[in-house]
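Engineer: Quick one: this structure, given as structure tokens, is what I'll be asking you about.
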Amino acid sequence: MLIASGLVAFALLILRAKPAHFRLLTIHLGLCVLWIITHLLEVFIHNEEMLRLINTTGNITGMAAISFFLLFIYQYVTGKFKPTLSYTLIGLNVFFAILRITNPLHNMYHRSISFIDIGPYKQIYQDYGAGFGIMACLYCLILLYIFFNHSSRRNAYPRIFQPQISVSLYLMMLFIVYTLIAALNLHLFNLRIFGHLCILSGLFFTAYTYANNLFNITPLTRDDTFNHNTDAILVLSRGGIIVDLNQPLCAFLKKNWSDMAGKPLQSAYPELALKMEELGLEPDNDVDSRQRSYRFVFYSENRGFDTNISLTQQFIKVVMHDITPLLKTMKNTSQLASTDPLTGVYNRRFSEAAIQARMADEKFIHTSYCFVVFDIDHFKTINDQYGHQTGDDILREITDIFRRSIRPSDIFGRYGGDEFIIFLHNVNESQAWVILNRVHDSINHHRFQTENGRNIQTTISMGAILAASAAQLDYQDVFFMADEALYQAKEKGRNQICLRQHTSLAR
């Protein structure tokens, strides 16, 4: 009846534990209950054969209880599941369970077993053998490995139940010490110290677990969500001191939790502190009480973060969502929308918009500029004679020559077909002539190659308008005059540059 009740309680405990690593602890507690029940049954059972069976069950249950607790401790303090340790402990359990059951054949688990009458009760007396001692030593080594692993990671990140885990480790150390005492066959006043102390330790551990709400999974789930959230989270006091941060932020900054917690934001994360200062969000500032949330894009370590800052009277929470892939996609999309796919220069729509924006910019509106329109002479003939692939190659090579000759701040775009436009800002007449002649000469001396390897030569015609100020003309006027200048260059026999001052040409 007691065993049936224990199994029912065990099943209920498993159903209560939702997090995966707490199922291990639940199984451990259930096995502890069964282990204690077997020891209690030993007190009230008088039949020696039944006592042997109950004792064997208790031994196997105790080994399993210790193994599941060791697995729980390791997974909880390291935050990861280690299959090697699991297989090792399972293998040990199976091996020593077989050793215990088959003991009459080899006497490795215990050399002898006898019964001592204590009043109306029978007490089992076991003379443990080498197999039991080896088991105790192996469990001791595994526990020491987990214990030192826990000690080295104690400050790696915050844990709600650090004290409980530490005490549980010490309790498990007592379990192992009791096992070693039993392995050495130490007894006091003809009483088996190991069994009775294990009962007391198991009861204490179970009581301690429930007294500290170890099965209250709400804070545990909250802690687990905080540390395993893909967003980087930082919590500041209103004095600017880092109160807490989660694992993704530690991983991004390549720092431990202990390197950041308790330190001022200015020294621990100066980039974020500077950005918050620029936005007027210094932690000790009295911000507008009507606005409790601020959102902006924050760039750090070549990455972009969609950052949300929430303010309360007690603390400031910073949540940083990595949007670097999205920003790269947006940049690529913007580049595709603004770039001519063949030549890599701006397309017509974007280049015209950029030139109009530059002409309207107050910083450039009173500076001189040169607007250029050029095309390739007899380009249709080149396409017809040598093929469109050769024509495309010539377009690419000519745009490369122009890009090497103009400044990065100048605007260069493909207007359509073989026609291109260039906006050279802040240049006078002599500077414009230098740039245009340099490009013109480079193309004249360049040899283009056809698909079959034949070298050919081509030329360009350019029409350009020089204006003293962007305030004098709008874009359509400038384009019309440059196009007229290009027409005039072609009328002169092509391979010409026609540069005009806008005041000398009327529409």
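The numbers here are math on the coordinates, done by the rules we state, and not lab data. Note that the structure is predicted; figures quoted are calculated from it, not measured. Because the Cβ atoms are built from the backbone with ideal geometry, glycine has one as well, and the counts that use them run over all protein chains shown.
Engineer: Could you pull out every residue, at least 5 positions away or on a different chain, whose amide H is within less than 5 Å of the one on R500? Hs are placed 1.01 Å off N in the peptide plane, and Pro or chain starts have none.
Structural biologist: A464, I465, L466
Engineer: When S368, S112, S258 are ordered from fewest to most other Cβ atoms inside 10 Å of their Cβ, what list results?
Structural biologist: Ascending number of Cβ neighbours within 10 Å: S112, S258, S368.
Engineer: Explain nothing, just the number: dipole magnitude of region 408-486 about its Cα centre with +1 on each Lys and Arg Cβ and -1 on each Asp and Glu Cβ, in debye rounded to the nearest 20.
Structural biologist: Here the size comes out at about 400 debye.
Engineer: Listed highest first by mean packing, meaning other Cβ atoms within 10 Å per residue, what order do 355-363, 237-245 come in?
Structural biologist: 237-245, 355-363
Engineer: Can you give the Rg/Rh ratio of region 367-422, where Rg is from the C-alpha atoms and Rh is the Kirkwood radius?
Structural biologist: Taking Rg over the Kirkwood Rh, I get 1.04.
Engineer: Further question: Mind jotting down the three principal axis lengths of region 339-504 based on Cα atoms? Whole angstrom, largest first.
Structural biologist: 51, 33, 23
Engineer: Just to check I understand the Karplus step: with θ = phi - 60° and J = 6.51 cos²θ - 1.76 cosθ + 1.60, what whole-Hz values come out for region 305-311, glycine and proline as x?
Structural biologist: For region 305-311, the Karplus curve yields 10, 7, 9, 10, 10, 10, 10 Hz.
Engineer: Translational diffusion coefficient, Stokes-Einstein: compute it for region 250-374 using the Kirkwood radius over C-alpha pairs as Rh, at 20 °C and 1.002 mPa s, and state it as an integer in µm² s⁻¹.
Structural biologist: So the translational diffusion coefficient is about 115 µm²/s.
Engineer: May I ask you to sort L85, L326 by Cβ crowding, counting other Cβ atoms within 10 Å and putting the fewest first?
Structural biologist: Placing the least packed residue first, the sequence is L326, L85.
Engineer: Given bins 5 angstrom wide, list per bin the percent of all Cα-Cα distances in region 333-402, short to long.
Structural biologist: Each 5 Å bin holds this share of Cα pairs: 3, 13, 18, 19, 18, 14, 8, 4, 3, 1.
Engineer: Shifting gears a bit: Pull up all non-local amide H partners of I323: gap of 5 or more, or a different chain, and H-to-H distance under 5 Å with H placed in the peptide plane.
Structural biologist: Residues meeting the amide H criterion: G304, F305, D306.
Engineer: Oh, and also: List every residue whose amide H lies under 5 Å from the amide H of T339, counting only residues 5 or more places away in sequence or on a different chain, with H placed 1.01 Å from N in the peptide plane.
Structural biologist: N347
Engineer: Using the number of other C-beta atoms within 10 angstrom as an exposure proxy, rank C250, C137 with the fewest first.
Structural biologist: Exposure proxy ranking, most exposed first: C137, C250.
Engineer: If you don't mind, another one. Excluding residues fewer than 8 places away in the same chain, name every one of the aspartates and glutamates whose C-alpha is closer than 17 Å to that of K255.
Structural biologist: D231, D244, E271, E301
Engineer: I've got another one for you. One-quarter of the Cα convex hull surface for region 230-324, in nm²?
Structural biologist: Seen from a random direction, the Cα hull of region 230-324 projects 5.5 nm² on average.
Engineer: What list of ³J(HN,Hα) couplings, whole Hz, do you get for region 409-420 from phi and the Karplus terms 6.51, -1.76, 1.60, once you set θ to phi - 60° and write x for glycine and proline?
Structural biologist: 7, 6, 9, 10, x, 8, 7, x, x, 9, 9, 10
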